[in-house]
Amino acid sequence: MQRRCFPKGWDCSRLRLIGWAPMLYQESSSRRIKILYPFPVKQAEASRFLWIFLNCSQGDFVTHTAWLNRSSILYAGEDKWSVDPRVSLVVLNQDEFTIKIEDVDLMDEGQYICAVQTRRRPRTTSVHVIVQVPPKIVNLSKDLVVNEGSNVTLMCLANGKPEPVIMWRMLSPSDDSLSSDTEVLEIPFITRQRAGTYECTAANDIAVDVQTVELTVNYPPSVSEGRDVGTTLGQRGVLLCEADAVPKADIEWYRDDRRIFNDLDGIEIEDAGAISKLTFFNVSEIDYGNYTCVAINKLGSANTSIVLYEIIEPTSSTLLQGPGAVQDGNSGTSTVFTPACLLLILLLQLLLKF
């Protein structure tokens with residue numbers, strides 16, 4: 001039984017299909033198949049899809065013509081053999097035979113053949129349709145929170161055609177030394193300086209897809225060295241403590257072993273970011289002394305000491321007394337010696353020795 005490969009009237013014994021290669025078009029004669037193919041063909045989240053036109057030159061003395069996809073006949077002349085509603089006839093005349101495929105997807109990739117039967121011999125033209133798909137990142141590491149010293153692995157997987165090239169880089173703060181041209185970025189023994197935003201880029205000839213990962217590095221507190229503060233009685237005194245930690249440290253103030261709270265009269269503790277401020281609104285004698293600032297988070301603690309000391313303001317009597325004034329510790333009176341008197345006393349002491 002002879003196999004039916006075309007509608008009635010085709011010379012199957014003389015028809016042969018030429019070889020093909022994966023290129024935009026290929027032809028077996030001087031006539032060329034044209035594909036109006038606006039790339040990209042289809043995006044996964046696009047609301048509109050694109051199409052292709054398959055055009056085949058006809059010429060004189062054509063008795064039969066058909067478009068085939070692999071082993072299936074799409075159109076034989078004006079007769080539609082395909083049950084696919086996306087396939088339609090555009091033009092069929094003496095010059096050309098054009099069909100249209102809408103909503104193109106990956107299943108439409110492959111070889112298409114235009115077979116033409118003339119009075120003398122059959123001829124075929126083939127085209128290999130390549131469906132190109134923009135890259136899309138389909139699997140990305142979630143935002144991470146790790147402790148300093150941990151080993152970190154970031155993963156980025158993407159689909160696309162041609163197969164996308166994947167690259168990792170540290171985006172913010174920018175660090176060109178920390179990058180990878182593979183799907184995996186390894187960061188051994190991570191430090192706090194490696195915390196930030198990491199960017200994965202998937203790119204092919206069609207487009208680029210970019211996504212980011214936030215990497216947080218926890219570390220124990222460190223406290224800046226405290227600066228002693230001097231103030232006079234009755235004035236305002238402010239002690240500052242700055243702590244660096246992730247997560248943010250809780251800062252506590254102590255005087256000796258006694259913790260200081262905000263509800264104490266004349267005292268206010270104010271935290272703003274990494275800085276804690278201990279304010280004395282009206283410094284008294286009992287406020288002078290050594291204070292300790294302690295910063296604490298779940299990974300540890302650190303502390304520093306700050307001294308609040310007294311500054312004695314000069315009185316009007318001390319301002320009137322010159323540099324030679326000597327104060328009597330018992331009576332509180334003072335005697336002023338001029339430089340000439342002091343010189344005379346020294347000379348008398350020298351004479352008495354002789």
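Since every read-out is calculated from the coordinates, none of them should be taken as a lab result. Computed from a predicted model, the values in this text were never measured in an experiment. Ideal geometry is used to build each Cβ from the backbone, glycine not excepted, and the neighbour counts take in all protein chains shown.
Observations, loosely collected:
- Debye log10 I(q)/I(0) at q = 0.10, 0.20 Å⁻¹ for the stretch 77-206, Cα point scatterers: -0.56, -1.15
- Anisotropy class of the stretch 54-122 from Cα gyration tensor, a/c 1.5 cut: prolate
- Semi-axis lengths, largest first, of the ellipsoid equivalent to the stretch 222-278 are 21, 14, 11 Å, with √(5λ) applied to each eigenvalue of the Cα gyration tensor.
- Gain in span if fully extended, Tyr288 to Ile312, counting 0.36 nm per residue against the direct Cα distance: 7.4 nm
- Centre separation in Å (Cα based) which lies between the stretch 265-297 and the stretch 148-224: 42 Å
- Ranked packing of 223-234, 295-306, most packed first, by mean Cβ within 10 Å: 295-306, 223-234
- Counting every alpha-carbon pair across the stretch 91-131, the share separated by more than 11 Å comes to 73%.
- Annotation note: chymotrypsin sites (Phe, Trp or Tyr not before Pro) in the stretch 220-269 located in DSSP loop regions with a Cβ neighbour count of at most 10 within 10 Å are Phe261.
- Length, then width, then depth: along the principal axes, the Cα atoms of the stretch 151-229 run 67, 23, 18 Å.
- Sorted from longest to shortest, the spans of the Cα atoms of the stretch 191-294 along the three principal axes equal 77, 24, 23 Å.
- Residue (of Leu278, Ser172, Thr232) at the positive-pole extreme of the stretch 170-280, dipole from beta-carbon charges: Thr232
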